[in-house]
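The values are calculated or read from the model by the stated rules, or taken from the named source; none is laboratory data. Note that the coordinates shown come from a computational prediction; the quantities given were computed from them, not determined experimentally. When we count neighbours, we look across all protein chains shown, and the Cβ atoms used for this are built from the backbone with ideal geometry, even at glycine. For the accessible areas, the whole protein counts, side chains as well, though only heavy atoms, and no ligand, DNA or RNA atoms are used. Shrake-Rupley method; radii C 1.70, N 1.55, O 1.52, S 1.80 Å.
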Amino acid sequence: MSNKQIMKDVFDNEFNANKIRNQILLKSEKKTKKNMIKFLQYATFLFVIAIVGITIFINNQQANYIYSDVTSNIIINKINEFDLTKLDADIKFEEINSVNLPWNDMFNNINIPKDLDKFYGYGVYTKNDSNNEYNILDSYVYEYFNLDNNRKIKITFSNTNKSIRDYFFDIDDVKESNINDNKLIVYQSEDIYFTEFKYNEYYFDIENHEITTDELIFILKSIIK
Amino acid sequence: MSKIVNQETLNTFDKLYYDTYQDVLKHIVINTSNIDDVKDIIQNVYLDVLKKLGNKNIKLNKSYIIGIAKNKIKDYYRFNYKVKITSLFSGIRDSKDINLVDTLDANIDIEKIIIEKQDINFIWRYLKKQKAVIAKIFFLYYYMDYNIKDISLELHINESNVKNYLYRTLNKLNSLMKGKGE
């Protein structure tokens, strides 16, 4: 074999166009895959950061610390309409003569806003399965409202059980408040506050419509002494 | 075949590649400081071409690709901390080249020195360790079919030096390969 052929083979072995072309395409494929993996890793990282950020944001939105003094610490748990689930409670209302309403004295000292000068009191009864009559007293309800019926305080209470509700809150990580070492939970959905607590052996459920936060705190502190 | 590049792009790439490959290869060989770097650099050049294929604002032709090659050579040596390219056009001369002219017969016949054994890997390993100019001369002479005169014009060294480099290297190769075989 001549020098020419030998040396041609030497360089062809190194610089063969077909061989290098295939190596280029393979490198391009590896690079693209590597870039895709890097992109996916980056996207995943950003996604995780976004989820964490949104979670922190939602948590911050959910619980809103609003009031604190020596004897109380009120934290509002904000809920949206999706957290509030309505139920069909099988109950019956029966108006109660004001003379027979329990805890008259206590409720005389509650700080109800002056414009809520209308009152309606009733009992909530559930069905007795043995005779199908609504004669099992579940709780009492005191409603204080204004003339236009847009501002309202509804206090439901019972000394035997938590009062039956026609809704429940589906949220995680509920923040507790306290007044005079009594625990309570306050929720807010738009212009409605829901407060639940146990005090002096009574279970309370208080629902306020278009009542300010200050008025709410005033009411709660007048009950929980 | 690549699974990432579509067929149409591949066809365009192949046409461009085979039309320009020899010229781009020659340009890179002449302008690198080590022939062993050529493969990496040429791959980088055509990877860039492949990337630019989708861009309608770029007219990919031989001149453009040679331009890419120039940049890739610079980048390669900048980022790989290799020996800075010393252009053969700078006029720097090795004093040994002058001695070659003095001590060897100008009429030596290179073709009379035959490499008796054909170990292409050995030859390549030897060539890439020599001065860059030697590998370039061999490349141009044997692979690109340049004659001595064209090589001297291309590399800006005189014809005697071209001949002498060829002669000495072939002799050395031959004696090394004989010794290897024994």
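Residue-by-condition table, conditions (1) buried (at least 16 other Cβ atoms within 10 Å of the Cβ); (2) basic (Lys, Arg); (3) in contact (Cβ under 8 Å) with a residue 60 or more places away in the chain:
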{"site": "A:132", "(1), (2), (3)": "no, no, no"}
{"site": "A:136", "(1), (2), (3)": "no, no, no"}
{"site": "A:141", "(1), (2), (3)": "yes, no, no"}
{"site": "A:180", "(1), (2), (3)": "no, no, yes"}
{"site": "A:184", "(1), (2), (3)": "yes, no, no"}
{"site": "A:189", "(1), (2), (3)": "yes, no, yes"}
{"site": "A:196", "(1), (2), (3)": "yes, no, no"}
{"site": "A:207", "(1), (2), (3)": "yes, no, no"}
{"site": "A:217", "(1), (2), (3)": "yes, no, yes"}
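Summed over the range A:6-25, the residues that are under 20 Å from residue B:13 (Cβ atoms) and more than 7 Å from chain B (Cβ to nearest Cβ) give a count of 4. Filtering the range A:29-42 to residues that are modelled with pLDDT of 90 or more and facing another protein chain (nearest Cβ under 7 Å) leaves nothing.
Can you tell me which residues in the range A:13-60 are open to solvent by 60 Å² or more (accessible area, probe 1.4 Å) and over 45 Å from the mean Cα position of the chain (by Cα)? If the condition is that a residue be open to solvent by 60 Å² or more (accessible area, probe 1.4 Å) and over 45 Å from the mean Cα position of the chain (by Cα), then A:18, A:19, A:22, A:23, A:26, A:27, A:30, A:31 are the ones that fit. In summary, residue B:145 fulfils each of the numbered conditions (1) open to solvent by 40 Å² or more (accessible area, probe 1.4 Å); (2) at pLDDT below 90 with the single exception of condition (2).
Among the residues that make up the range B:34-52, is at least one of them more than 13 Å from chain A (Cβ to nearest Cβ) and surrounded by 12 or more Cβ atoms within 10 Å (Cβ to Cβ)? It would help to see each step written out before you state the result.
The initial filter retains those residues of the range B:34-52 that are more than 13 Å from chain A (Cβ to nearest Cβ), namely none.
No: the range B:34-52 contains no residue that is more than 13 Å from chain A (Cβ to nearest Cβ) and surrounded by 12 or more Cβ atoms within 10 Å (Cβ to Cβ).
β-branched (Val, Ile, Thr) and in contact (Cβ under 8 Å) with a residue 24 or more places away in the chain: which single residue out of A:37, A:54, A:66 fits that description? If you could, list the steps in order and put the result at the bottom.
Numbers: A:37 fails: in contact (Cβ under 8 Å) with a residue 24 or more places away in the chain; A:54 fails: in contact (Cβ under 8 Å) with a residue 24 or more places away in the chain.
A:66 is the lone residue from the list that is β-branched (Val, Ile, Thr) and in contact (Cβ under 8 Å) with a residue 24 or more places away in the chain.
Residue-level check: of (1) part of a helix (DSSP H, G or I); (2) within 14 Å of another protein chain (Cβ to nearest Cβ), residue B:146 misses just (1).
What is the one condition in (1) over 21 Å from the mean Cα position of the chain (by Cα); (2) assigned to a loop (DSSP other than H, G, I, E, B); (3) of a type outside the set (Phe, Trp, Tyr) that residue A:162 does not satisfy? Residue A:162 satisfies all of (1) over 21 Å from the mean Cα position of the chain (by Cα); (2) assigned to a loop (DSSP other than H, G, I, E, B); (3) of a type outside the set (Phe, Trp, Tyr) except (1).
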